[in-house]
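Written below as structure tokens is the structure these notes are about.
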Amino acid sequence: MSEVALYRKYRPKTFADVLDQEEVVKVLESAIKKDNISHAYIFAGSRGTGKTSVARIFAREIGTTDDDIYEIDAASNRGIDEIRVIRDAVHTSPFSSKYKVYILDEAHMLTKDAWNALLKTLEEPPAYVIFILATTEIEKVPETVLSRCQTFSFKKPTHETLKKVITDIAKAEGFALDKSASELISFLGDGSFRDAQVILQKIITAQSGKNISIEDVEAVSGAPKGKLLEDVILGIEEKNGGKSLLALEKAKEQNIDMKLFLRLLLERVRVVLLLRFAKEMEKKLSENYTEDDFKLLKDLANKKGGVINSKVLDELLRAYEEINFAAIKELPLQLALMRIIGENK
């Protein structure tokens, strides 16, 4: 029997379980309480923010049984023929519920003809039919459809929320996460509960012991080792272009994703500046790093006349914006390092 995926095992079952979507939950609960149910909703937001989970919860909260909840992956059922099947099926009464709820995931993938076919149903649906369209790209949903739906925007969970969820799940599974390990996993999750839980599952599967360190996360996730990031930062501070660029080349040789490498570098430079200008944040910031890593960042923050400043952060941010369009992925960061170090010689 295959193992249940963590993101399925720990997905929210009730509105009380839903995290960081307070506004969405408040409005939906109020609508249920007042029996003011719309016939069509759009749940929009980036991946892994809980759109389909909330759709399921909403369906059950209005008394819909599993027999009358239909989930359709619009990415693989995107054509007019598939939508025509749905259009015909909605005229069949629910099996055992007041409502039939259709949840269309990745709704933006529907073809133009499919949207037109769905639009006719949205205009005059049977009283017992509710559509919930979940999408990560609301800009691709036609205006004619948007105007017939109630739209809810799902935000990414905060970094702190993601860390707590990951730590709690690891504990429930019998594992202990170092603080720096939970920090890295939540960072790699990039605002997605599902992505962070998938990463955690990979790490747990590869573990021989019950304690998970940041080195375990680096080994399984492909995240760059802290030493490479340290060498880039020290190369900047020491005005040693060779040191920074060599560390970057090693990251490339290890097939480390350059965008991830740069994100982690940006985070460290950001922490240096925060420690320099907001010393009261030291305790909170220290929780996210190993003792040695944090000591380095603190030393750089306290160094008088240090090279690392807001201009360095600006250069790295510019490189991050350019990396998606670069034919050579490491080139924007290489150029940024050359400019930073060249200007400080």
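The set of residues in segment 253-262 being out of contact with any Pro (no Cβ under 9 Å at 6 or more places or on another chain) and within 21 Å of ASP190 (Cβ to Cβ) consists of ASN255, LYS259.
Taken together, the residues in segment 268-288 that are over 14 Å from ASP299 (Cα atoms), touching a helix residue (DSSP H, G or I) at 6+ places or on another chain (Cβ under 6 Å) and among the charged types (D, E, K, R) amount to 1. Looking only at segment 31-79, residues that are small (Gly, Ala, Ser) and either within 14 Å of ARG11 (Cβ to Cβ) or buried (at least 18 other Cβ atoms within 10 Å of the Cβ) (or both) come to 9 in all. Within segment 138-179, the set of residues being within 15 Å of ILE203 (Cα to Cα), touching a residue at least 24 places away in the same chain (Cβ under 8 Å) and within 18 Å of the chain's Cα centre (by Cα) comprises ILE166, ILE169.
Note on segment 1-47: residues that are in contact with a Ser or Thr (Cβ under 7 Å, 6 or more places away or on another chain) and acidic (Asp, Glu) amount to 1. Residue selection: PHE58 fails the criterion of being closer than 30 Å to LEU6 by Cα and in a strand (DSSP E or B). Here LEU297, LEU285 are screened, and the one residue that is aliphatic (A, V, I, L, M), under 21 Å from LYS179 (Cα atoms), within 25 Å of the chain's Cα centre (by Cα) and surrounded by 12 or more Cβ atoms within 10 Å (Cβ to Cβ) is LEU285. Candidates VAL141, VAL165: the one that is in contact with a strand residue (DSSP E or B) (Cβ under 9 Å, 6 or more places away or on another chain) and surrounded by 15 or more Cβ atoms within 10 Å (Cβ to Cβ) is VAL141. The single condition from (1) of a type in the set (A, V, I, L, M); (2) outside any loop (DSSP other than H, G, I, E, B); (3) under 25 Å from GLU139 (Cα atoms) that VAL85 fails is (3).
With respect to ILE204, determine if the residue is outside the structural domain of MET109 (by TED's automatic domain parsing) and at pLDDT 90 or above.
Yes, satisfied.
Within segment 229-259, being of a type in the set (D, E, K, R) and assigned to a helix (DSSP H, G or I) holds for GLU230, ASP231, GLU237, LYS243, GLU249, LYS250, LYS252, GLU253, LYS259.
One line per residue, one yes/no per condition, for (1) over 23 Å from LYS202 (Cβ atoms); (2) at pLDDT below 95:
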site: VAL4; (1), (2): no, yes
site: TYR7; (1), (2): no, yes
site: ARG11; (1), (2): no, yes
site: PHE15; (1), (2): yes, no
site: ALA31; (1), (2): yes, no
site: GLY48; (1), (2): no, yes
site: ARG56; (1), (2): yes, no
site: GLU61; (1), (2): yes, no
site: TYR70; (1), (2): yes, yes
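What about ALA206, is it out of contact with any Gly (no Cβ under 9 Å at 6 or more places or on another chain) and touching a residue at least 40 places away in the same chain (Cβ under 8 Å)? Considered against the rule, which asks whether it is out of contact with any Gly (no Cβ under 9 Å at 6 or more places or on another chain) and touching a residue at least 40 places away in the same chain (Cβ under 8 Å), ALA206 comes out as no. Checking segment 238-255 against the condition returns a match, with at least one residue being within 25 Å of the chain's Cα centre (by Cα) and either within 29 Å of GLU160 (Cβ to Cβ) or hydroxyl-bearing (Ser, Thr, Tyr) (or both).
The values are calculated or read from the model by the stated rules, or taken from the named source; none is laboratory data. As the structure is a prediction and not an experimental result, all values here were calculated from the model. Every residue, glycine among them, receives a Cβ derived from its backbone with ideal geometry; neighbour counts consider all protein chains shown.
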